[in-house]
1. Relative contact order, percent, of chain A when contacts are C-alpha pairs under 8 Å separated by at least 6 residues?
2. For chain C, with only Lys/Arg (+1) and Asp/Glu (-1) charged at the beta-carbon, what is the dipole magnitude about the Cα centre, in debye rounded to 20?
3. If you take the charge dipole of segment C:1-127 about its Cα centre, with +1 on Lys and Arg Cβ and -1 on Asp and Glu Cβ, which of C:Asn93, C:Ala106, C:Thr2 is farthest toward its positive end?
4. Fewest first, what order do B:His55, A:His221, C:His108 take by the number of other Cβ atoms within 10 Å?
5. Based solely on its DSSP helices, what 222 nm [θ] is calculated for chain A when runs of n ≥ 4 H residues each add -39,500 (n - 2.57) and the sum is averaged over all residues, nearest 500 deg cm²/dmol?
6. Each residue of segment C:184-195 in turn: what ³J(HN,Hα) in whole Hz from Karplus with 6.51, -1.76, 1.60 and θ = phi - 60°, glycine and Pro shown as x?
7. Taking only C-alpha pairs under 8 Å that are 6+ residues apart, what is the relative contact order of segment B:2-282 in percent?
8. Connecting C-alpha atoms closer than 10 Å in a GNM of chain C, tell me which of C:Glu110, C:Glu217, C:Glu155 has the biggest fluctuation.
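None of the figures in this text is laboratory data; all of them are computed from the coordinates on show. Predicted model only: the values in this text are computed from it and were never measured. Every residue, glycine as well, gets a Cβ built from its backbone with ideal geometry; the counts of neighbours run over all protein chains shown.
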Amino acid sequence: MTRFLRENAALVAVAIAGIALLIGLPLVLDLYTLLQVTLYVIYAILALSLAFIWGYGGILCFGHSVFFGLGAYGYAVSVINMGDSTLPFLIAIALPAVLAAALGYFMFYARISDVYVGVITLTVTLIFYNVVNSTAGPQYHIGEALLGGFNGMPNVPSLNIPFQPDNTLEPAGMFVLCMALLLIVYFGLHILLRTRFGRVLVAVRENEQRVEFLGYDSRLHKLIAFSIGGAIAGLAGCLFTAWGNFVSPTAFSVVQSAQIIIWLMVGGAGTLLGPVIGAVAISWLTVQIGTQQTVNANVVLGGILLVFVLLVPKGVAPMVTERLVPWFVSLRRPAASPRNVAGESKA
Amino acid sequence: MDLAVVVGIDFIYAVATLALISIGLAIVFGMMRIINLAHGEFMVMGSYSAAVAVHHHVNIWIAILIVPPVVVAAIGAIIERVIIRRLYGRMVETMLATWGLSLFVVGILTMVFGDITEGVPTPIGGITIGSYQASGYSLFVIAMSIVTIAGVYLVLRTSRLGLLARGTMQNAEMAAALGVDTSRIYAVTFAFGAALAGLAGGILAPVSGVFPNIGGSYIGRAFITVIGGGPAALVGTISASTLFGVINQLATFASNPVYGEVALLAAAIILIRLLPQGITGRYFRGSL
Amino acid sequence: MTPPLIETRGLVKHFGGVQAIRGVDFALAEGELRCLIGPNGAGKSTFFKLLTGQIKPTSGSVLFRGTDITALQAHEIARLGIGIKTQVPSVFNGLSVRDNLWIAAARHKEGKAITQAVEAQIERLMLGRVANSLTGQLAHGQRQRVELGLVLCGEPNLILLDEPAAGMTEEERGQTAELIREINREHPLIVVEHDMSFIRTIARRITVFNQGTILMEGDVDEVFSSEAVRDVYLGKKVAA
């Protein structure tokens, strides 16, 4: 037991802090702030999904908002039709996972190179954005759900206790759910990365050809990772819609994709905790900017992305390795050295 | 017959605008192997410079044909020096940095000009073809697109800069070994690409309207055309614009402009999957 | 009669208009150690890529123990036990030496057996002192050994070595030759090499490639005394 604690000091600290926040924040925060924090938590889940496929799988997804948007719209459309949110919650996760699998098959099995994966994912996002944006008017509906085009879909029902449509979640309950899901995703990914699948995935990022020479199907590993990332992004999209009872095409937008990448750049793409912190910090900053009129949020976001790309002189990819590796090595060593622990909590 | 002419003009216009918005990006991609995701905002800066010039009673032709390329070339030269130069040879980082730049520029434009649409008047009225009405400005855009492509061809083919640029494009190390100042070539190339973006922005300003976000509607089409076209900037742009422009227009006729654009993007994804090196990576190898 | 371990029949590979491999019939018996030599551009590397499934032949076939493997993917061929050490060390630079070997061993082992296989290779290849270092930070010779370890952890039925002594000092070359002979006690090998003195220390049979075909095949003395080989190989060398 003590050995487990020593080896996983950083993770245990995160778990304790996470559970403390989960219980404590609803008690100390006022309603408005709690709602705001819930949004940050949802964004943190979204950040984790890209952190997994980009930072660990080496898949340069420039259009991650497509999975977020599909989850958001998938939930909105199905919950409006069904009333009970139990199945829509699952649909919102499954739909992006299936899209990611199809897209992954299309790209990885043709052995498309990194940059072109970025280009294709970005283009797919543009397609979805264009299509959804153009669905204004009463003729565009799926069942009872009007898609609403650029106006978006208002009055989307909140999540309810499974199979009890009348028992919807209050803001405090929604916060607890989102926080719990964040912790589940965070620790789930940590566990996944320690399995053979996770370690081979990191090896694929390092040297895809060697992985093939060793007898692993790198395409399949990337496809599965991409689907998992899509599913988690879809989960975030679902929570986002349920949180605000509203979704609009901006969920699919290129700016939304850029934001997720900015969270990663700021927090450090090769870690899981870093992007969570990046998401919360940048979202908080965006809200602060929104409260004043002098500086435009795009200036700040764009500036941050520029600065982080330029000020990491060896480039984004090696930074990934440098931050990842101390952590990864610490998994294999009997005891985590203080530097590794510091590296993870700092990142 | 008249209808055929009008429809034909629509197709040629679709191809010509695609070529016009892509050529600057293609030059930079072909010679420097970087994708400038702020290309759309370079065009928007061109449009705004035209709008501001018109506002100050500059002659309309000077405002849309001279002012934008000069202004945007200058901005491009600065950006090359401050940002692009630090990232040569790192394609992904360059894309991310220029993506950040694109957001940054949108924000700045919103702060300076506000979130409203500026207008630039259309200097040519409609013309009549038989019983149909066609836009005279469309014909002008087509003509300017041809002139621009021809101009780029002449610059690459005949000027010393063009020769050096082609040399650098094919083998940067060799060019450097021969005493060619590659970083200066890159700087000039980037500014040239920016000038072409500015020119496209100026020419299209009267038809598209001018507002901070419009770059987003250009960049997708432009970079997909460039990547679909492959490394040879001119032939790639012309062939990919033709392919995508026709697909775009066919789908537009069959449904509406939104699905025209969707068809274009979908076609591009399939093309990239089939020919990851672009059309000129597979065919017309060694062309300009 | 048992079929050859690996065999190619009428193997042809075109790249555009270039015929890199034009009709290679090659066979390797179980337990053999074979050297491939030939001038640059003779098709040795292309031949290796065809054997490992990285590229597909224009025509002809590759057989492993009598089974046609021409259509298999690279990772499926690897699973049959064909391991390759490439010319430039192909390792996981961002992972520790131990993690590198773990990935290789975990493909066909479970639990404790993985760790045992990893530790055994670390000892065999004298990597103990750097086992927890990042592979990308090691010296070239050490990375070569890590790559060899990756191949050996897969417990291969056939090992392809592409220029294993390239860029090594005289002393390292001697050690490598010793290591290759030791590996050959358990595993059949095909070795591409340029260095004639190195080949003399390890080879029994040699296949000479020239212009995409097999020029000749024979034991060391036959090949080295052949006029034809001297012409294409050494002649080219002198010219270069």
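1. Dividing the mean separation by the residue count of chain A yields 30 percent.
2. Here chain C has a charge dipole of around 540 debye.
3. Checked the options; the winner is C:Asn93.
4. B:His55, C:His108, A:His221
5. It lands at -23500 deg cm²/dmol.
6. Here the 3J(HN,Hα) series is 5, 5, 10, 10, x, 9, 10, 10, 8, 9, 10, 6 Hz.
7. 35
8. C:Glu110
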